[in-house]
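The following block contains the structure, expressed as structure tokens.
The values are calculated or read from the model by the stated rules, or taken from the named source; none is laboratory data. All of these numbers come straight from a predicted model, not from anything done at the bench. FYI the Cβ positions are ideal-geometry reconstructions off the backbone, even for glycines, and counts take in every protein chain you see. The protein model used for the area step is the full one, side chains on, heavy atoms only, and it has no ligands, DNA or RNA in it. Shrake-Rupley method; radii C 1.70, N 1.55, O 1.52, S 1.80 Å.
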Amino acid sequence: MNSVTLVNDDPILDRFVNLLVHEHECHTVILYGSRALGLHSADSDYDLLGIRQNGEDTRDARFVDGVFLDAFIRSEKSIEARAHAFLHVRGGVPLLDPHGIGARLLSEIALALESPPPEIPRAEIDARRTWCTKMLGRIRRATPDDVEAHYRRHWLLVELLELYFVLRGRHYLGSKESFRWLFENDEAAWWAFAAALAPEANIQDIDMLVGLVLEMPS
């Protein structure tokens with residue numbers, strides 16, 4: 001294939017698009033994440049979704065001359081009618097889209113975000129609530145050298161962020177977007193997460209966060 005000429009002010013981005021075209025045979029490339037949303041910093045990753053006609057789904061994550069590329073490669077078949085699986089691509093920008101597949105996917109994602117997420121069975125919700133309570137109890141019994149309990153502490157903290165949104169019937173859009181939403185819409189929850197996630201957090205901070213996340217009836 002010949003090099004793809006793109007109208008970008010970012011030669012690094014053009015280079016990554018050409019990489020997906022030549023190394024992965026992608027015909028469609030979408031930029032998403034902080035660089036697409038205008039929220040990036042100088043050292044932000046380049047998040048790309050590459051779509052090709054056939055082939056196994058794969059991921060190309062590597063540093064190229066000190067810049068991190070994080071590209072998901074998908075076949076046309078693997079994206080069909082699966083907008084809910086690609087919500088993280090919301091607000092993306094099609095950089096290469098000769099067949100309109102990228103624009104269509106982004107439109108489907110936008111429509112999916114306008115609707116509530118797929119309903120989770122009540123039994124699964126109850127199971128997640130019980131799991132949180134069980135994990136908290138295990139953490140409370142931890143001794144200073146209980147590495148397995150310390151692991152569970154971090155595991156619980158990570159799961160609580162997504163669970164907050166699940167219990168409230170909202171789409172979970174990843175940590176960065178979720179914390180931004182909490183800061184703007186639920187300041188009490190934001191501060192509870194901030195306290196529990198701090199390196200010096202104690203069990204009372206985590207206990208308070210668990211109570212806040214679970215208090216909303218499902």
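For the chain, give the magnitude of the charge dipole about the Cα centre (Cβ charges: +1 Lys/Arg, -1 Asp/Glu; no others), in debye to the nearest 20. Don't jump to the answer; show the numbers that get you there.
Details: 23 positive and 34 negative charges, 128 e Å.
Roughly 620 debye, rounded to the nearest 20.
Above 15 Å lies some portion of the pair distances; for region 1-82, what is it as a whole percent of all C-alpha pairs? Please list the in-between numbers first.
Working: 1864 of 3321 pairs.
Distances greater than 15 Å cover 56 percent of the Cα pairs.
Rounded to the nearest 0.05, what FRET efficiency do ASP10 and ALA110 give with R0 = 22 Å and r taken as the Cβ-Cβ distance? Could you check? Before the final figure, lay out each step's value.
Numbers: r = 24 Å, r/R0 = 1.11.
Calculated value: 0.35.
Please express the shape of the chain as an equivalent ellipsoid: the semi-axes are the square roots of 5 times the eigenvalues of the C-alpha gyration tensor, given largest first in whole angstrom.
Values: eigenvalues 287, 81, 52 Å².
After scaling each eigenvalue by five and taking roots: 38, 20, 16 Å.
May I pose another question? Points 7 angstrom from Cα along the Cβ direction at TYR151 and ARG62: gap in nanometres?
Taking the simple label geometry, TYR151 and ARG62 are separated by 3.1 nm.
At a probe radius of 1.4 Å, what is the per-residue accessible area of LYS134, in Å² to the nearest 10?
140 Å²
Pairing the Cα long axis of helix 11-24 with the longest principal axis of the chain, what angle in degrees results, from 0 to 90 and rounded to the nearest 10?
Helix 11-24 sits roughly 80 degrees off the main axis of the chain.
Among ALA103, TYR164, PRO11, which residue has its Cα furthest toward the positive end of the charge dipole of the chain, with +1 on Lys/Arg Cβ and -1 on Asp/Glu Cβ?
TYR164
If you average the sequence gap of Cα pairs under 8 Å that are 6 or more apart and divide by the length of region 1-156, what percent do you get for the contact order? Mind showing how you got there, number by number?
On the way: 202 pairs, mean separation 28.8, N = 156.
Over region 1-156, the number comes to 18 percent.
What do you get for the angle between helix 122-140 and the principal long axis of the chain? Use alpha-carbon atoms, 0 to 90 degrees, nearest ten.
Compared with the principal axis, the helix lies near 60 degrees.
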